[in-house]
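Before any comments, here is the structure.
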Amino acid sequence: MSKPDQLPLPPAADSPSCSAPWLILIGLGEDGLAGLGEAAKAELARAELVFGGQRHLDLAQSAIRGEARSWQSPFERSVEDILAARGRSVVVLASGDPFLFGVGATLSRRIPAAEMRSYPAPSSFSLAASRLGWPLQDTVCVSLHGRPLDLIRPHLQPGSRVLALTSDAAGPADLAALLVAEGFGATRLTVLEALGGPRERVTTTVAEGFRLTDIDSLNVCALEVAASAGARVLPLAAGREDSLFEHDGQITKREIRALTLSALAPRRGEHLWDIGAGSGSVAIEWMLTDPSLTATAIEAHPERAARLLRNAARFGVPSLRLVQGTAPGALQGLASPDAIFVGGGGSEPGVMDTACAALKAGGRLVANAVTLEMEAVLLALHARLGGSLTRLEIARAAPVGSMTAWRPAMPITQWVWIKPDPESPAPSSDAPVSS
C-alpha cells in the first residue's frame, strides 16, 4: 500500500485499557478520504487493524498503515476478530453514519460505548433528503438492505414520503413491482444512486412505468406515495378490517381484536406469545404497533400456520416467529413473554397454567372465550388469581327480508390478568384485587 503524507496523530493513551476508546468507527461517503476530517484521518493512519468492506478499504487504501481485513462471511466471524483485538488500536470503516442501520448497531451490542469513538459521515438518508429538499423529521426512513422488501408495506400511506435503502441494483425494480401489485402504481419513485461521489445520479419515474436500467448497486429509493381506490392501505389503528387477512374463519374479529390489543397494552421492546394464533391477526397487529415489538405465534394446524406466515409478510412484519405445534408442549423452551394472548386451545389441560407460569412478573395475559368450556376455565382462574372479566357482545346490522335488523355475533368472555411481582408488597386484605 502507498503511504500517505505524515498526518498529525491524536495523543495516545499511556497504556491500552479496555475502558478507553480502542475501537474507532469511521463513516465513509463515496468521496472517500476527501470527506474525512483530520481527526478521523489520524485515527485511520494510526490503526493497527482496519476492518471494513472491500469497497471501503479501497476508498481508504492510501491512508491505511496497519493491517487491512475485509469482512468475512458470516459477518459474526469478523465481529469475533474485532473483540479478540480489544485493547489494540482498531478502526472499522462503514458507510455514512455507522449507527444508522449500520455496523455500529451490531458492535454496540457487544462493546460498551465507552470503548468506542465514532466519526460519522452523512448517511444515505441525509444525502437523499438534501437532494430532494425533504425534511428528514417528516420522512419515513426504512432500510431494506439485506432485509425483506415486505418491511415497506406498513409505510405505504397515501401522501407520505419514504426513503428506502435497497440491497442492490435490482432493488428499485423490485420495489416498483410491489407498489404496482398493491395498488400504489401512481407513486412517484426517485432513484438516487452513489450519492456524494463522482457516479451520483438522480432519476425520477412512476412505479407503474418503471423502466430504469443500469442502476448502481448503491442506491436509495424515494417514494411519494399515491394510492389507487383499491390500494392495500394498512390503517394505523388496531382493529384492521378482517378482509385484509387471509383466513378460514378462525380469526379474532376486528372489534374484539381492537379491544384485545388494548387489554394487551403493548409497551416498547416487549414480546408476545399468541397461543392458538389462527390467522395471526393479534400477533400481527401487536407487531404493527411499534417496530421494537416482537411476537411468537403458536399454531398447530399446518394450513393455518402457512396462512399465518403469508399474512405476516403482507402486513410487513415478516419477522413474526411461528412455532407449529400444540400448547402446552409447544411452549417449552420459549423465552418468557411480556404478554400472552390465548385465542384458541386454552381449555386443553395445562395450557393456561403453563401460560401463567411462563409470563414475566408484571406481564399481561388476555384470554378470550367463545365456548362454555373455555369460559368455565376463565371463571375458575378469575376466582383463583383475580384479574378482570369482561363480557364483549357485538351486533351488526344485516338484511332481514326487505328490512334490516341487528344480527348478534357470538359473545366473548375476556379475562385480563396482570401477573404480580413476588418482590412487591402484598395488598392489604381489604384492598381490591388488582386487574
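The values are calculated or read from the model by the stated rules, or taken from the named source; none is laboratory data. None of the values given here were measured: they were computed from a predicted structure. FYI the Cβ positions are ideal-geometry reconstructions off the backbone, even for glycines, and counts take in every protein chain you see. Please note that ligands, DNA and RNA were not included when accessible areas were found on the heavy atoms of the full protein model with its side chains. Shrake-Rupley method; radii C 1.70, N 1.55, O 1.52, S 1.80 Å.
Looking for something in contact (Cβ under 8 Å) with a residue 60 or more places away in the chain, in contact with a Gly (Cβ under 8 Å, 6 or more places away or on another chain) and on the phi > 0 side of the Ramachandran plot - is there at least one such residue anywhere in the range 341-353? Explain how you work it out, then say what you get.
Residues of the range 341-353 in contact (Cβ under 8 Å) with a residue 60 or more places away in the chain: 341-346, 351.
Among the residues that remain, those that are also in contact with a Gly (Cβ under 8 Å, 6 or more places away or on another chain) are: 342-346, 351.
Filter once more, keeping what is on the phi > 0 side of the Ramachandran plot: 345.
Yes, there is a match, as at least one residue in the range 341-353 is in contact (Cβ under 8 Å) with a residue 60 or more places away in the chain, in contact with a Gly (Cβ under 8 Å, 6 or more places away or on another chain) and on the phi > 0 side of the Ramachandran plot.
Can you tell which of GLU48, GLU30 is under 22 Å from SER95 (Cα atoms), open to solvent by 20 Å² or more (accessible area, probe 1.4 Å) and either modelled with pLDDT of 95 or more or small (Gly, Ala, Ser) (or both)? Before the answer, list the steps.
Details: GLU30 fails: either modelled with pLDDT of 95 or more or small (Gly, Ala, Ser) (or both).
Within the list GLU48, GLU30, the selection yields GLU48.
Looking for whichever is touching a residue at least 40 places away in the same chain (Cβ under 8 Å), open to solvent by less than 20 Å² (accessible area, probe 1.4 Å) and either among the acidic types (Asp, Glu) or under 23 Å from LEU33 (Cβ atoms) (or both) here; the options are LEU192, LEU179, LEU218. Which one fits? Steps first, please.
Numbers: LEU179 fails: either among the acidic types (Asp, Glu) or under 23 Å from LEU33 (Cβ atoms) (or both); LEU218 fails: open to solvent by less than 20 Å² (accessible area, probe 1.4 Å).
Only one candidate passes the filter, namely LEU192.
Can you pull out the residues in the range 155-174 that are in contact with a Phe, Trp or Tyr (Cβ under 9 Å, 6 or more places away or on another chain), open to solvent by less than 30 Å² (accessible area, probe 1.4 Å) and part of a helix (DSSP H, G or I)?
Of the residues in the range 155-174, the ones in contact with a Phe, Trp or Tyr (Cβ under 9 Å, 6 or more places away or on another chain) are 156, 158, 161, 163, 165, 172-173.
This time we only want the ones that are open to solvent by less than 30 Å² (accessible area, probe 1.4 Å), so: 156, 163, 172.
Result: PRO172, single match.
ILE412 versus (1) open to solvent by 80 Å² or more (accessible area, probe 1.4 Å); (2) among the aliphatic types (A, V, I, L, M); (3) under 26 Å from MET352 (Cα atoms): which is the lone unmet condition?
(1)
Are there strands (runs of 3 or more DSSP E) fully within the range 21-113 with at least 2 residues that are within 26 Å of the chain's Cα centre (by Cα)? List them. Steps first, please.
Details: elements: 23-28, 49-52, 67-70, 90-95.
Where strands (runs of 3 or more DSSP E) fall fully within the range 21-113 and carry at least 2 residues being within 26 Å of the chain's Cα centre (by Cα), they are 23-28, 90-95.
Kindly evaluate SER130 against the criterion of being among the hydroxyl-bearing types (Ser, Thr, Tyr), open to solvent by 40 Å² or more (accessible area, probe 1.4 Å) and outside any strand (DSSP E or B).
Values: among the hydroxyl-bearing types (Ser, Thr, Tyr): yes; open to solvent by 40 Å² or more (accessible area, probe 1.4 Å): yes; outside any strand (DSSP E or B): yes.
Yes, satisfied.
When you look at ARG117, is it more than 24 Å from the chain's Cα centre (by Cα) and in a loop (DSSP other than H, G, I, E, B), yes or no?
No: the conditions fail for ARG117.
Counting just the residues of the range 281-300 that are open to solvent by 20 Å² or more (accessible area, probe 1.4 Å) and touching a residue at least 40 places away in the same chain (Cβ under 8 Å), which one comes out farthest from ALA231 (Cα to Cα)?
Of all residues in the range 281-300, those open to solvent by 20 Å² or more (accessible area, probe 1.4 Å) come to 288-292, 294, 300.
Within this subset, residues satisfying the condition of being touching a residue at least 40 places away in the same chain (Cβ under 8 Å) are 288-289, 300.
Values: LEU288: 18, THR289: 21, ALA300: 32 Å.
The residue in question is ALA300.
Quick one: how many residues across the range 373-388 are in a helix (DSSP H, G or I) and surrounded by 14 or more Cβ atoms within 10 Å (Cβ to Cβ)? Let's see the steps before the verdict.
Looking only at the range 373-388, we keep the residues that are in a helix (DSSP H, G or I), and these are 373-385.
Okay, now just the ones that are also surrounded by 14 or more Cβ atoms within 10 Å (Cβ to Cβ), so 374-375, 377-379, 381-382, 385.
Residues meeting the conditions: 8.
Just one of (1) under 30 Å from ALA358 (Cβ atoms); (2) among the hydrophobic types (A, V, I, L, M, F, W, C); (3) open to solvent by less than 40 Å² (accessible area, probe 1.4 Å) trips up ALA226, so point out which.
For ALA226, the failing item is (1).
Cβ-Cβ under 7 Å, sequence separation 6+ or interchain: first residue in the range 228-245 and under 16 Å from ARG314 (Cβ atoms) and among the hydrophobic types (A, V, I, L, M, F, W, C), partner in a loop (DSSP other than H, G, I, E, B) and open to solvent by less than 30 Å² (accessible area, probe 1.4 Å). Which pairs?
ALA231/GLU182; ALA231/GLY183; ALA231/PHE184; VAL233/LEU156; LEU234/ARG240; LEU234/PHE315; PHE245/ILE251; PHE245/SER279
Please determine whether any residue of the range 79-95 is open to solvent by 70 Å² or more (accessible area, probe 1.4 Å), under 30 Å from LEU163 (Cβ atoms) and of a type outside the set (Val, Ile, Thr). Explain how you work it out, then say what you get.
Taking the range 79-95 as the starting set, the residues that turn out to be open to solvent by 70 Å² or more (accessible area, probe 1.4 Å) are 80, 84, 86, 88.
Next, from what is left, pick out any that are under 30 Å from LEU163 (Cβ atoms): none.
No.
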